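Structure, as structure tokens:
The values are calculated or read from the model by the stated rules, or taken from the named source; none is laboratory data. As the structure is a prediction and not an experimental result, all values here were calculated from the model. Every residue, glycine among them, receives a Cβ derived from its backbone with ideal geometry; neighbour counts consider all protein chains shown.
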Number of protein chains: 2
Amino acid sequence: MDNATVIEALTAIVGAPYVLTAPEDMAPFLHEPRGLFHGTARAIVKPASTTEVAAIMQLANDLNLAVIPQGGNTGLVGGQTPDAQRAAIVLSLQRLDRIREVDALTDTITVDGGVTLLKVQEAAEAADRLFPLSLASEGSCTIGGNIATNAGGTAVLAYGNTRDLVLGLEVVLADGRILNTLGKLRKDNTGYDLKNLFIGSEGSLGIVTGAVLKLFPRPRQRITVFCAIPSPAAAVQLLARVKSEIGFSLTTFELMSRICIEIVVRHAPGARDPFAEPHPWYVLIELSSQIEGDLDAKLEHSLGGAIEDGLVLDAVLATSLDQRLAFWALRESLSEMQGREGGSIKHDVSVPIAEIPALIEEASAAAAKLIPGIRPVPFGHIGDGNIHFNFSQPVDWDKQAFLDRWHDLNEVVHAIVIRHGGSISAEHGIGRLKRAALPAVKDPVAMELMRTLKAALDPSGILNPGVIV
Amino acid sequence: MDNATVIEALTAIVGAPYVLTAPEDMAPFLHEPRGLFHGTARAIVKPASTTEVAAIMQLANDLNLAVIPQGGNTGLVGGQTPDAQRAAIVLSLQRLDRIREVDALTDTITVDGGVTLLKVQEAAEAADRLFPLSLASEGSCTIGGNIATNAGGTAVLAYGNTRDLVLGLEVVLADGRILNTLGKLRKDNTGYDLKNLFIGSEGSLGIVTGAVLKLFPRPRQRITVFCAIPSPAAAVQLLARVKSEIGFSLTTFELMSRICIEIVVRHAPGARDPFAEPHPWYVLIELSSQIEGDLDAKLEHSLGGAIEDGLVLDAVLATSLDQRLAFWALRESLSEMQGREGGSIKHDVSVPIAEIPALIEEASAAAAKLIPGIRPVPFGHIGDGNIHFNFSQPVDWDKQAFLDRWHDLNEVVHAIVIRHGGSISAEHGIGRLKRAALPAVKDPVAMELMRTLKAALDPSGILNPGVIV
């Protein structure tokens with residue numbers, strides 16, 4: 001199919017201003033922010049409605065055109081970036097940006113797929129409700145992208161992944177049919193669960209154009225405490241204790257090693273160590289509750305017991321909003337500040353919570369054997385078993401020489417993760433980055449079933465070809 | 001295929017004692033407890049392991065034999081009962097009854113598919129953990145059946161449906177392949193979500209032989225209160241208020257109309273009205289928390305405000321375990337006691353929570369128009385929008401004459417449910433009971449996709465033919 005015909009047909013659907021073909025117009029959609037993936041495309045097309053998305057997919061199905069759905073272009077595994085293999089069109093959802101309805105009594109919000117996560121959060125807040133999904137990229141990522149990648153973030157411990165926050169979906173299928181499961185129901189056992197098939201499918205089975213999401217009461221009280229601890233094993237024990245004694249109110253439990261604090265204090269303006277003395281490990285704990293009450297007394301009691309038992313070495317309670325934000329900044333600026341230490345090789349992995357100490361110990365040792373002088377920088381959402389196991393380059397190495405070892409180090413770390421029953425992609429997805437690595441670590445029947453599903457739902461393979469399977 | 005060859009092949013897999021063919025041996029597996037569904041079968045086969053289940057499915061695939069998986073035989077929609085159309089074998093999972101592992105640090109339990117729900121609850125309790133799924137049939141239903149039907153129950157408001165409690169599955173597919181996703185991970189974004197495809201598929205896409213389930217801290221404090229309220233609208237407002245003021249601790253919010261209390265008090269030995277005066281509507285509220293604290297004071301404060309605003313007419317707090325059980329008995333014996341009032345036509349429906357008052361009003365009026373003198377007996381899990389909208393016969397009618405109107409009344413009620421964005425099966429499933437009614441109320445593309453999935457995963461249609469699609 002020649003390009004001019006394709007462009008003309010797309011223009012007939014969305015109008016000329018919304019079909020981008022000039023290289024400078026297309027550029028922002030063809031490069032992801034970190035610069036790891038670059039693509040080419042016939043055009044960027046920007047529909048304004050579900051009907052227009054459906055018409056584009058009908059066209060793509062007729063002409064056998066590859067289509068790359070794109071939300072905020074913030075994904076970390078290249079799932080939103082076309083490759084050069086097959087002249088694709090990038091379908092940007094950004095103009096589908098309406099909040100359709102907030103139903104405060106049913107605790108739901110219904111939105112277009114292209115609404116930013118921040119806008120969803122704000123609409124919930126305006127109705128005195130909480131939409132708990134929270135990510136570093138929330139200002140630009142879209143809810144459709146969050147759904148397509150089953151995004152995680154910092155509130156998974158209490159509220160679950162994106163999957164757990166979705167009640168219904170509107171999805172445009174590969175052939176342009178529109179699946180409508182936009183119900184607000186908490187209970188609906190009328191046949192197969194279709195929505196979870198699309199959640200986390202990275203745009204390879206359908207395009208999320210709308211969603212009904214769960215809302216929650218807004219917390220009235222937040223307690224944030226920064227703890228120094230002796231070891232990851234102590235962190236796991238402390239997590240079990242706080243869960244048992246405080247229960248549902250525990251919303252954050254983030255682990256950091258000493259080097260994490262050192263890196264942030266060294267590079268981030270205004271950052272400072274919460275303790276006078278250095279400690280080997282830290283956890284950031286946050287509780288939140290609808291009830292304004294004696295939650296801080298309960299937490300102090302729980303931590304008091306943990307100090308007696310040697311699980312906690314020291315603890316500082318945030319006594320002001322500023323101090324709370326400073327504690328969070330230590331955790332949240334880490335990814336960026338790590339870049340100031342030279343090359344960084346990353347692993348977004350998860351293991352059963354009980355296996356975290358062994359994972360950290362074994363992977364650190366194996367990495368040091370592979371690359372003497374390497375600096376392990378493990379941190380993450382220990383409450384849900386997800387460790388962002390990053391490694392900074394040896395101090396005296398050349399950055400590129402270190403980054404050239406990316407694949408070797410991944411292999412070593414992933415093998416340990418798999419041995420402990422873990423996952424090589426806890427929250428970022430497979431995309432184009434990890435597709436080749438997947439078959440070696442996934443149950444073979446699961447791989448076969450994934451291919452069966454892809455063939456059943458997208459027989460021509462036009463939806464985001466090159467991701468996952 | 002002649003019967004003798006089939007029986008011989010099954011016997012070679014599981015051993016002679018575990019292939020039942022005598023009518024008296026097969027009978028308990030061919031009739032469901034309420035007597036609404038009856039079936040016939042070539043044999044009942046009772047494998048002892050996943051490997052044996054896989055061998056049976058390979059055989060069934062080779063011989064094109066229909067297989068009806070069965071757990072505790074407690075389903076309410078005939079999903080576990082073969083029909084007479086196609087000589088099937090019933091595959092009972094009851095011998096797969098091992099607790100495989102409890103991991104208290106990771107908060108998981110790994111079990112065989114044929115373990116009873118009660119045994120799972122008890123194993124969790126022995127490790128000082130809670131497995132929150134709770135149903136009337138928990139002593140005999142199996143966890144594999146709970147998973148296959150995405151069972152609901154009384155704790156959905158706080159803990160979700162069965163779907164929300166499953167981390168990983170082991171499933172035998174139609175051709176005997178074994179899918180293993182038995183991970184303990186809270187976060188795993190490595191491709192399509194396969195487990196949710198099988199959860200709620202009523203044994204028509206695969207057979208659940210094992211599962212990893214989430215465990216929770218055991219509550220240390222429970223508060224139970226019985227409230228008299230003026231209307232369903234007040235119940236919805238009260239629910240929103242208590243959720244906002246008490247939040248996560250709210251675990252039960254059950255609605256009952258006046259006639260529910262009258263029926264139970266009339267027929268259940270020892271049951272009594274918690275109030276001296278009759279009231280039009282009631283809610284049973286339960287809070288639970290890990291924290292032993294001032295939850296009762298918070299609830300009293302919240303209810304005090306609700307009384308001032310006219311949302312609550314009167315309230316009694318359970319001050320002893322006996323009183324708590326007496327409150328629960330009013331709710332839980334209702335289904336049984338309703339049988340003493342003659343014929344009962346049932347609807348297991350859900351609507352968005354805000355629509356509950358309109359549903360009750362409109363469906364009661366429409367039913368009275370269809371059958372003058374009919375007695376609406378609405379009750380249910382209002383906290384998740386699920387109303388068991390039962391109707392007792394007019395006092396002076398013949399029971400069978402009333403039951404003959406089952407289909408007519410269903411049609412009227414379901415039409416109102418659908419108009420309010422609801423579901424005709426909130427928690428019991430589709431099975432054989434509601435299969436014919438499904439296409440008229442389900443999104444047509446959803447129906448097409450369900451058929452596509454069935455064809456992709458069970459191309460010969462041997463797995464529980466006759467349920468759902």
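A quick yes/no check of all residues on (1) free of Cβ contacts under 8 Å to residues at least 24 places away in the same chain; (2) closer than 28 Å to B:I68 by Cα:
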| residue | (1), (2) |
| --- | --- |
| B:L370 | no, no |
| B:N410 | no, yes |
| B:I416 | no, no |
| B:G422 | no, no |
| B:A426 | no, yes |
| B:V445 | yes, yes |
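Here are some conditions: (1) in contact with a Pro (Cβ under 8 Å, 6 or more places away or on another chain); (2) closer than 27 Å to A:S204 by Cβ. B:I207 meets all but one. Which one does it not meet?
Checking B:I207 against (1) in contact with a Pro (Cβ under 8 Å, 6 or more places away or on another chain); (2) closer than 27 Å to A:S204 by Cβ, the one that fails is (2).
Could you check, for region B:429-441, whether at least one of its residues is more than 22 Å from the chain's Cα centre (by Cα), at pLDDT below 95 and not β-branched (V, I, T)? I'd like the intermediate steps shown before the answer.
Restricting attention to region B:429-441, the residues satisfying the condition of being more than 22 Å from the chain's Cα centre (by Cα) are B:440.
Those left that are additionally at pLDDT below 95: B:440.
Still in the running and not β-branched (V, I, T): B:440.
For region B:429-441, residues more than 22 Å from the chain's Cα centre (by Cα), at pLDDT below 95 and not β-branched (V, I, T): present.
Among the candidates B:A440, B:A446, single out the residue that is facing another protein chain (nearest Cβ under 10 Å) and surrounded by fewer than 21 Cβ atoms within 10 Å (Cβ to Cβ).
Going through B:A440, B:A446 in turn, the sole match is B:A446.
For the condition touching a helix residue (DSSP H, G or I) at 6+ places or on another chain (Cβ under 8 Å), surrounded by fewer than 24 Cβ atoms within 10 Å (Cβ to Cβ), under 27 Å from A:F29 (Cβ atoms) and at pLDDT 95 or above, what is the one hit in A:L135, A:L169, A:L173? Walk me through it before giving the result.
Values: A:L135 fails: at pLDDT 95 or above; A:L169 fails: surrounded by fewer than 24 Cβ atoms within 10 Å (Cβ to Cβ).
Unique residue meeting the criteria: A:L173.
Table: residues versus (1) among the polar types (S, T, N, Q); (2) closer than 25 Å to A:A233 by Cα; (3) in contact with a Lys or Arg (Cβ under 8 Å, 6 or more places away or on another chain).
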{"position": "A:I356", "(1), (2), (3)": "no, yes, no"}
{"position": "A:D384", "(1), (2), (3)": "no, yes, yes"}
{"position": "A:P394", "(1), (2), (3)": "no, no, yes"}
{"position": "A:L409", "(1), (2), (3)": "no, yes, no"}
{"position": "A:H420", "(1), (2), (3)": "no, yes, no"}
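Over 27 Å from A:L105 (Cα atoms) and modelled with pLDDT under 95, is that true of B:G339?
Numbers: over 27 Å from A:L105 (Cα atoms): yes; modelled with pLDDT under 95: yes.
Yes.
Would you be able to tell me the number of residues in region A:272-298 that are crowded, with 16+ Cβ neighbours inside 10 Å and more than 24 Å from the chain's Cα centre (by Cα)?
Within region A:272-298, residues that are crowded, with 16+ Cβ neighbours inside 10 Å and more than 24 Å from the chain's Cα centre (by Cα) number 11.
Name every residue in region B:396-437 that is crowded, with 16+ Cβ neighbours inside 10 Å and of a type in the set (D, E), in order of residue number.
Listed by number, the list holds a single entry, B:E427.
Of the numbered conditions (1) under 30 Å from A:L303 (Cβ atoms); (2) crowded, with 22+ Cβ neighbours inside 10 Å; (3) within 11 Å of another protein chain (Cβ to nearest Cβ), A:G206 satisfies every one except a single condition; which is it?
Status for A:G206: all satisfied but (1).
Quick check on my filter: what residues within region A:51-106 are touching a Ser or Thr at 6+ places or on another chain (Cβ under 7 Å), among the hydrophobic types (A, V, I, L, M, F, W, C) and crowded, with 21+ Cβ neighbours inside 10 Å?
A:V53, A:L93, A:L96
Which residues, counting only those in region A:181-207, are outside any helix (DSSP H, G or I), closer than 22 Å to A:R435 by Cα and among the hydrophobic types (A, V, I, L, M, F, W, C)? Let's see the steps before the verdict.
Going through region A:181-207, the residues outside any helix (DSSP H, G or I) turn out to be A:181-194, A:199-207.
After this cut, where a residue has to be closer than 22 Å to A:R435 by Cα as well, the list is A:199-207.
Selection gives A:I199, A:L205, A:I207.
Considering only residues that are among the aliphatic types (A, V, I, L, M) and touching a helix residue (DSSP H, G or I) at 6+ places or on another chain (Cβ under 6 Å), which ones fall in region A:212-234?
A:L213, A:L215, A:I223, A:I229, A:A233 - these are the residues of region A:212-234 that are among the aliphatic types (A, V, I, L, M) and touching a helix residue (DSSP H, G or I) at 6+ places or on another chain (Cβ under 6 Å).
Of the conditions (1) within 14 Å of chain A (Cβ to nearest Cβ); (2) more than 30 Å from B:G79 (Cβ to Cβ), B:R272 clears all except one; give me its number.
In the conditions (1) within 14 Å of chain A (Cβ to nearest Cβ); (2) more than 30 Å from B:G79 (Cβ to Cβ), B:R272 misses (1) alone.
Just the residues that are of a type in the set (D, E) and over 23 Å from the mean Cα position of the chain (by Cα), please, taken from region B:251-271. Write out each step before concluding.
Initial filter on region B:251-271 (of a type in the set (D, E)): B:254, B:262.
Matches in region B:251-271: B:E262 only.
Does A:T116 satisfy the condition of being in the same structural domain as A:L165 (by TED's automatic domain parsing) and of a type outside the set (D, E, K, R)?
So A:T116 fits the description; yes.
When you scan region A:16-29, do you find a residue that is closer than 21 Å to A:G210 by Cβ and at pLDDT 95 or above, even just one?
yes
Please pick out the residue among B:S289, B:S350 that is touching a strand residue (DSSP E or B) at 6+ places or on another chain (Cβ under 6 Å), of a type outside the set (A, V, I, L, M) and assigned by TED's automatic domain parsing to the domain that holds B:E411.
Selected residue: B:S350, the only one of B:S289, B:S350 that is touching a strand residue (DSSP E or B) at 6+ places or on another chain (Cβ under 6 Å), of a type outside the set (A, V, I, L, M) and assigned by TED's automatic domain parsing to the domain that holds B:E411.
Being of a type outside the set (S, T, Y) and more than 15 Å from A:T116 (Cα to Cα): is that true of A:I99 here?
Against the criterion (of a type outside the set (S, T, Y) and more than 15 Å from A:T116 (Cα to Cα)), A:I99 does not qualify.
What residue, among those in region B:209-251 that are crowded, with 21+ Cβ neighbours inside 10 Å and aromatic (F, W, Y), is nearest to the other protein chains (Cβ to nearest Cβ)?
Here the answer is B:F248.
Could you please give the count of residues in region B:271-299 that are closer than 23 Å to A:S288 by Cβ and not small (G, A, S)?
Of the residues in that region, 11 qualify.
Is it fair to say A:I109 is out of contact with any His (no Cβ under 8 Å at 6 or more places or on another chain), buried (at least 21 other Cβ atoms within 10 Å of the Cβ) and not hydroxyl-bearing (S, T, Y)? Break it down into steps so the answer makes sense when it comes.
On the way: out of contact with any His (no Cβ under 8 Å at 6 or more places or on another chain): yes; buried (at least 21 other Cβ atoms within 10 Å of the Cβ): yes; not hydroxyl-bearing (S, T, Y): yes.
The answer is yes for A:I109.
Looking at region A:59-176, what helices (runs of 4 or more DSSP H) fall wholly within it and have at least 2 residues that are within 20 Å of the chain's Cα centre (by Cα) and within 14 Å of another protein chain (Cβ to nearest Cβ)?
The helices (runs of 4 or more DSSP H) meeting that bar are A:143-148, A:156-159.
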